[in-house]
1. What FRET efficiency comes out for the pair ILE175/THR52, r = Cβ-Cβ distance, R0 = 30 Å, nearest 0.05?
2. Where in the chain lies the longest segment free of GluC sites (Glu not before Pro) that are both loop residues by DSSP (not H, G, I, E, B) and have at most 16 other Cβ atoms within 10 Å?
3. Which lysines have a Cα less than 27 Å from the Cα of LYS161, not counting those fewer than 8 places away in the same chain?
4. How much of the accessible area of segment 1-115, in percent, comes from carbon and sulfur atoms when a 1.4 Å probe is used?
5. What number comes out for accessible area per residue over the chain if the probe is 1.4 Å? Units Å², please.
6. Check each of the trypsin sites (Lys or Arg not before Pro) in segment 27-128 and keep only those in coil by DSSP with at most 16 other C-beta atoms within 10 angstrom; list them in order.
7. Mind checking the dipole of segment 28-114: about its Cα centre, +1 per Lys or Arg Cβ, -1 per Asp or Glu Cβ, Debye to the nearest 20?
8. Enter the Cα centre distance for the pair segment 3-69 and segment 110-140, rounded to the nearest angstrom.
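The values are calculated or read from the model by the stated rules, or taken from the named source; none is laboratory data. It should be emphasised that the depicted structure is a prediction, and the values quoted were computed from it without experimental measurement. Methodologically, a virtual Cβ is constructed for each residue, glycine included, from the backbone with ideal geometry; neighbour enumeration extends over all protein chains shown. Please note that ligands, DNA and RNA were not included when accessible areas were found on the heavy atoms of the full protein model with its side chains. Shrake-Rupley method; radii C 1.70, N 1.55, O 1.52, S 1.80 Å.
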Amino acid sequence: MSGEALAGPGGYGIDPTVLRTFAAEVKEVHGLGCQLALVIGGGNIFRGLGGTEFGIDRATGDYMGMLATVINALALQAALEQGGVPTRVLSAIEIKEVAEPYIRRRATRHLEKGRVIIFAAGTGNPFFTTDTAASLRAMEIGAQIIFKATKVDGVYDSDPKKNPQAVRFDQLTYIDVLNRSLQVMDSTAVSLCMDNGLPILVFNMLRSGNIKRAVVGEKIGTLVHGGRAT
């Protein structure tokens, strides 16, 4: 889940309406019996690369970005639990006062017990993005697919905000994404998904009902996989 999307129209911080809406949609999908693991970014608060603009070295900036994801994860946990959804935050950086440490077997056990889990603090290492963290955690827990919930309704051949003639793809292969440098996920994350045959669905999280549509198999967004592109 894009951290920036949580900011809503304000562009910074956490928009309460967006947070409640997303939590309500996750609750609905959880009610279908799905096992859900969420990874949330921190771009609405701090982006690691941004720190280099005012003298913060990349590693320190990335750690700051990881802490931003913990803030978002705790906010999302609170919103979900207010709706009656049992939720656990697992952090790659040990912050035992507010979140459980990430342990793979613990994560899978939470899923088996019907809890939604939120992975926070990325991989716990600098120089790796939230995208890579999502791909890695998906492999570790045996996920069937990655849903990349963003502010756009799929993957385009150019920036649709700058080019009104931009074309949206229904499907892409991993190789297409890498060769054309399309902004789906970073190359490390895409390569990891490709090596393990894990599909990626990119869709707009701000459109009401899209999470459920994705889960039940409706045709939305852009699917990235290993077959032929269309």
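1. According to the calculation, E is roughly 0.45.
2. With a cap of 16 other Cβ atoms within 10 Å, the longest stretch comes to 98-217.
3. LYS148, LYS151, LYS212, LYS219
4. Values: 3100 of 5840 Å².
In segment 1-115, the share of accessible area belonging to carbon and sulfur is 53 percent.
5. 50
6. In loop regions of segment 27-128 (DSSP not H, G, I, E or B), the sparsely surrounded trypsin sites (Lys or Arg not before Pro) are LYS96, LYS113.
7. Numbers: 9 positive and 9 negative charges, 73 e Å.
With Lys and Arg at +1 and Asp and Glu at -1, about 340 debye.
8. 13
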